[in-house]
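First up is the structure itself, then whatever we jot down about it.
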Amino acid sequence: MTVVLGIETSCDETAAAVVDDAWRTHSSIVESSIDQHRDFGGVVPELAGRAHVATIGPVVRRALEAAGRSVRDPGVDAVAVTSGPGLIGSLLVGLAAAKAYALCWDVPLVAVNHLEGHLFAPLLERPDLAWPVMTLLVSGGHTLLVYQRAPGHHEVIGETIDDAAGEAYDKVARWLGLGYPGGPPIDRLAGEGDPTALALPTSMTGDDLDFSFSGLKSAVVRAGEKRPDLAPADVAAAFQGAAVEQLTRKLRRALDRYEVRGVALAGGVAANSALRAGTTRLAEQLGLEVNLPSLAMCTDNAAMVAAAGLARYQRGQSSALDVGADPNWALASVA
Ligand code: KG4
Ligand code: ZN
């Protein structure tokens, strides 16, 4: 059995996990510094980096112990770590820690792209997944349509030309005074509102597979300023309706063009109730398997990083101990 320790510190979550080659998660520990950032309306990079330094050692220890192992006797074949994209001061903490463990235990280090990690999350909960799979990866920093022939093989076929879907949720929530992160409160409030109370433009009607959320966000703010009487729940419902309409329309178009057996969601916005319902409906209509990761697997964790690293390790890939962090590492450039 091959066993990998994964480490993830690209944003505000300090996470460590132990995963094996049957895609079983032996342990997955996630500590977030989100409470330190709320008052600032977004993650403050310096605070996040400092929190990682304080938390990484204890989190790795807990992940090993929860998997019946120890720092002295880890029994792992490799250490996988997110080396980008993300906040540079956060990435460096996880990368330095991972190098120290790999060096101490004399096992290979595998640098992993955070987005490739997200693509492995559905697999960890559904190892019997039928391939190929079309994955809509929607997070705070990214909106990507990815065609996956098999685990570890991905082709980016569409992406946002401006803001990410999660970023739009966060900005609209901030404007409505709902706090950070904005996805969960908008999702809740939208359930109580009338989406037809506010007419919003349909975005990205062209024939491509790309997304745009910046115009939608501005349209919401403009309409809200013109009509201050609008109930926040109605604004949330209209925004969510338009955002999910665009996401599912592009997903449908991708499914028309590529032959797949399954559809998956990944990334923080995959927790969205309307997106989950819309994707399930679409998959049912097309007779495809749908794979919606649990909420804990949608958001950042180290099990997905361990899984992506494990797949690379199995293909004989590892990273040199002088590998650096790349805050802008694009998924499309991952070999
Ligand atoms: O993947 P993630 O945990 O972090 C990265 O960006 O890598 O995603 C966080 C994003 C935030 O923008 C947050 O507002 C959004 O996911 N989010 C949601 C929901 N839950 C989290 N967006 C819409 N609806 C939700 N229920
Ligand atoms: Zn993420």
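The values are calculated or read from the model by the stated rules, or taken from the named source; none is laboratory data. As the structure is a computational prediction, the values presented were derived from the model and not from experiment. In this analysis, Cβ positions are derived from the backbone assuming ideal geometry, glycine residues included, and neighbour counts consider all displayed protein chains. Accessible surface areas use protein heavy atoms only, side chains included; no ligands, DNA or RNA. Shrake-Rupley method; radii C 1.70, N 1.55, O 1.52, S 1.80 Å.
Being within 29 Å of ASN291 (Cβ to Cβ), at pLDDT 95 or above, more than 21 Å from the chain's Cα centre (by Cα) and not assigned by TED's automatic domain parsing to the domain that holds LEU247 holds for only one residue in ALA67, ALA80, and it is ALA67.
The set of residues in the range 174-207 being in a loop (DSSP other than H, G, I, E, B) and within 16 Å of ligand 2 (Cβ to nearest atom) consists of TYR180, PRO181, GLY182. Looking only at residues in the range 152-169 that are in a loop (DSSP other than H, G, I, E, B), modelled with pLDDT of 95 or more and over 15 Å from PRO181 (Cα atoms), which one is farthest from ligand 1 (Cβ to nearest atom)? Restricting to residues being in a loop (DSSP other than H, G, I, E, B), modelled with pLDDT of 95 or more and over 15 Å from PRO181 (Cα atoms), the top hit is ILE161. Listed by first and then second residue, the pairs with beta-carbon distance under 9 Å, at least 6 apart or on different chains, first residue in the range 291-320 and closer than 15 Å to ALA270 by Cα and of a type in the set (S, T, N, Q), second part of a loop (DSSP other than H, G, I, E, B) and within 15 Å of ligand 2 (Cβ to nearest atom), are THR299/SER139; THR299/GLY267. None of ALA296, ALA283 is outside any strand (DSSP E or B) and open to solvent by 50 Å² or more (accessible area, probe 1.4 Å) except ALA296. For PRO127, the stated conditions hold: it is at pLDDT below 95 and open to solvent by 30 Å² or more (accessible area, probe 1.4 Å). Being at pLDDT 95 or above and within 30 Å of ASP170 (Cβ to Cβ) is a property that holds for GLY89. Can you say whether ALA325 is in the same structural domain as LEU137 (by TED's automatic domain parsing), in contact (Cβ under 8 Å) with a residue 24 or more places away in the chain and either within 16 Å of ligand 2 (Cβ to nearest atom) or within 30 Å of VAL93 (Cα to Cα) (or both), as far as the supplied structure shows? For ALA325, the condition - in the same structural domain as LEU137 (by TED's automatic domain parsing), in contact (Cβ under 8 Å) with a residue 24 or more places away in the chain and either within 16 Å of ligand 2 (Cβ to nearest atom) or within 30 Å of VAL93 (Cα to Cα) (or both) - is not met. ASP210 fulfils the conditions (1) open to solvent by less than 40 Å² (accessible area, probe 1.4 Å); (2) within 19 Å of ALA165 (Cβ to Cβ); (3) in contact (Cβ under 8 Å) with a residue 24 or more places away in the chain except for a single criterion, (1).
Here GLU116, GLU125, GLU155 are screened, and the one residue that is in contact with a strand residue (DSSP E or B) (Cβ under 9 Å, 6 or more places away or on another chain), of a type in the set (D, E, K, R) and within 13 Å of ligand 2 (Cβ to nearest atom) is GLU116.
Just one of the listed residues (GLU259, GLU225) is touching a residue at least 24 places away in the same chain (Cβ under 8 Å) and open to solvent by 20 Å² or more (accessible area, probe 1.4 Å), namely GLU259.
Yes/no matrix, rows are residues, columns are (1) assigned by TED's automatic domain parsing to the domain that holds THR280; (2) under 15 Å from the mean Cα position of the chain (by Cα); (3) not acidic (Asp, Glu):
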residue: LEU115; (1), (2), (3): no, yes, yes
residue: PRO151; (1), (2), (3): yes, no, yes
residue: ALA164; (1), (2), (3): yes, yes, yes
residue: LYS171; (1), (2), (3): yes, no, yes
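Considering each residue of the range 136-151 in turn, at least one proves to be surrounded by fewer than 19 Cβ atoms within 10 Å (Cβ to Cβ) and assigned to a strand (DSSP E or B).
Every residue, every condition in (1) within 10 Å of ligand 1 (Cβ to nearest atom); (2) without any contact (Cβ under 8 Å) to a residue 12 or more places away in the chain; (3) farther than 21 Å from LEU137 by Cβ; (4) buried (at least 18 other Cβ atoms within 10 Å of the Cβ), yes or no:
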position: ARG174; (1), (2), (3), (4): no, no, yes, no
position: MET204; (1), (2), (3), (4): no, no, no, yes
position: LYS217; (1), (2), (3), (4): no, no, no, yes
position: VAL235; (1), (2), (3), (4): no, no, yes, yes
position: LEU247; (1), (2), (3), (4): no, no, no, yes
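Candidates ARG50, ARG62, ARG69: the one that is of a type in the set (Lys, Arg), in contact (Cβ under 8 Å) with a residue 40 or more places away in the chain and either assigned to a helix (DSSP H, G or I) or buried (at least 22 other Cβ atoms within 10 Å of the Cβ) (or both) is ARG62.
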